[in-house]
1. Residue check, ARG105 against (1) within 20 Å of the chain's Cα centre (by Cα); (2) under 30 Å from ASP131 (Cα atoms); (3) modelled with pLDDT of 80 or more; (4) not small (Gly, Ala, Ser), all met but one. Which one?
2. Working carefully through the options GLU26, GLU2, find the one that is touching a strand residue (DSSP E or B) at 6+ places or on another chain (Cβ under 9 Å), charged (D, E, K, R), farther than 18 Å from LEU94 by Cβ and at pLDDT 90 or above.
3. Residues in segment 182-202 that are modelled with pLDDT under 85 and loosely packed, with under 12 Cβ neighbours inside 10 Å: how many?
4. Conditions first: (1) surrounded by 13 or more Cβ atoms within 10 Å (Cβ to Cβ); (2) not in a loop (DSSP other than H, G, I, E, B). ASN173 passes all but one, so which condition is the exception?
5. Is it fair to say GLU217 is modelled with pLDDT under 90, assigned to a helix (DSSP H, G or I) and surrounded by fewer than 17 Cβ atoms within 10 Å (Cβ to Cβ)?
6. Listed residues TYR136, TYR147, TYR223; which is of a type in the set (Phe, Trp, Tyr) and over 23 Å from SER50 (Cα atoms)?
7. Let me confirm something: among GLU114, GLU152, GLU118, GLU193, which residue is among the acidic types (Asp, Glu) and closer than 24 Å to ALA213 by Cβ?
8. Kindly establish whether ASN140 is under 23 Å from GLU65 (Cβ atoms) and out of contact with any Leu (no Cβ under 6 Å at 6 or more places or on another chain).
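The values are calculated or read from the model by the stated rules, or taken from the named source; none is laboratory data. Everything numeric in this text was worked out from a predicted model, so none of it was measured. Cβ coordinates were reconstructed from backbone atoms using ideal geometry, including for glycine residues, and neighbour counts include every protein chain displayed. Note: accessible area is taken over every heavy atom of the protein model, side chains too, but ligands, DNA and RNA are not part of it. Shrake-Rupley method; radii C 1.70, N 1.55, O 1.52, S 1.80 Å.
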Amino acid sequence: VEVPDERLDKLAEFSKSAKKIPAVVEFVDIAGLVRGANKGEGLGNQFLASIREVDAVLYVVRAFEDPNIVHVEARVDPKADFEILTTELMLKDLETASKHMEKVRKDVRAGSKEAALELEILEKTKKGLEDGVMAYKILNEVTGEKYKASAEKLRRELQLLTVKRGIILFNTNGEGPAQELMDFPALAMNIREELDGAGFSNDERKELGLSSAKLPELTRLAY
């Protein structure tokens, strides 16, 4: 998706450029996670693996009522849905960290000082995840020069899912809520309306009774 940027348009006009190349963001759509995904429920493991490859996570949560569209939990509660998503990711991270700790403990017993530092960070990470704290917060709190290299190494090697920052997209049928959760920026969007108005200008959307497009805002936010 091309990132909308009025500055680029003005620069292209001013410089009479023959070519204009905008920045782009690639969005990867995966199926929704369900409770138990960390244990392989639904298509859990397959999609959890897909998340490891991305730079950030866009959490799409339902915030609209419609008796004709079934919710897997038989209720509409965007905050609870977001908690299910993040809990599943944290449980998978807990499994990853616990497995890695076994390897690092062997290195500690062999006398590795670097492994001893890694183990300290892993124990802090494991405790935080068990308490429901996402990995990005835990690792951001690891301070001190002696831990810096070990913390960066663990970030690279473990590819923890909750190390990635996120955006919350509330799928509404009106303005709906857009409160920040987990310190993530949030945006409310009527996705059905966004699809119906695709390709129309904001003036044309207004004539059709549709609200202004939110996709440019989401694209800029993601970028």
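1. That leaves (1) as the condition not met.
2. Only one candidate qualifies: GLU2.
3. Of the residues in that region, 4 qualify.
4. Only one criterion is unmet by ASN173, namely (2).
5. Numbers: modelled with pLDDT under 90: no; assigned to a helix (DSSP H, G or I): yes; surrounded by fewer than 17 Cβ atoms within 10 Å (Cβ to Cβ): yes.
Spelling it out, it is not the case that GLU217 is modelled with pLDDT under 90, assigned to a helix (DSSP H, G or I) and surrounded by fewer than 17 Cβ atoms within 10 Å (Cβ to Cβ).
6. None of the others qualify; the one that does is TYR147.
7. GLU193
8. no
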